[in-house]
Amino acid sequence: MERRLQVLVLDDEPIVGKRLQPALAKVGCDVEVFDAPRPALERLAATRFDIVVTDIRMDDIDGIEVLEKVLERWPDTRVIMITGYATVELAREAMAKGAFDFIAKPFKPQELRDVIAKAAEALGFAGIAHAVVGESS
């Protein structure tokens, strides 16, 4: 049996994690949700996740810093950036620093599932990628 995709979601708006956690768990992902960057970074220092979904704009530590710390520690982790303040410059900076993809808020859970499916496929999780995409049917 294929290993479950390990996903960490970090967004300072708790509703984002509350909505995404069941949507991703339903398609075979183990999901941990954080609404503050420091505890998320402590968890990421100790545990490798396949995919990290992080908001860009947060108090204290921003998502670009989270991206850099994740990739420094776990270079194979795919990091997906989400933000309500999308600009071309911000997207370009995130992608230049190694983000897998960039999604503007508000987004539908299926939009994120589609990006996670692409990341899962890139990581060799074909079964999960098909399950995630299959949810949109």
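Values in this text are rule-based calculations from the coordinates and carry no lab data. As the structure is a computational prediction, the values presented were derived from the model and not from experiment. No Cβ is skipped: glycine too gets one built from the backbone with ideal geometry, and neighbour counts run over all protein chains shown.
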**OP:** Would you compute, from DSSP H runs of 4+ residues alone, the mean residue ellipticity of the chain at 222 nm, taking -39500 (n - 2.57) per run and dividing by the full residue count, rounded to the nearest 500?
**Re:** -14500 deg cm²/dmol
Original post:
What translational D, rounded to a whole number of µm²/s, comes out for the chain from Stokes-Einstein when the hydrodynamic radius is the Kirkwood one over Cα pairs, at 4 °C and 1.567 mPa s?
Top reply: 88 µm²/s
**OP:** Would you tally the net charge around Pro14, using a Cβ to Cβ cut-off of less than 12 Å, leaving Pro14 out, and scoring K and R as +1, D and E as -1?
**Re:** -3
Original post:
What are the aspartates and glutamates whose alpha-carbon lies under 18 Å from the alpha-carbon of Lys97, with same-chain residues fewer than 8 places away excluded?
Top reply: Asp50, Asp55, Asp62, Glu65, Glu68, Glu72, Asp76, Glu89
**OP:** Only Lys, Arg, Asp and Glu count, each charged at its Cβ (+1, +1, -1, -1), so figure out the dipole size of the chain about its Cα centre, rounded to 20 debye.
**Re:** 380 debye
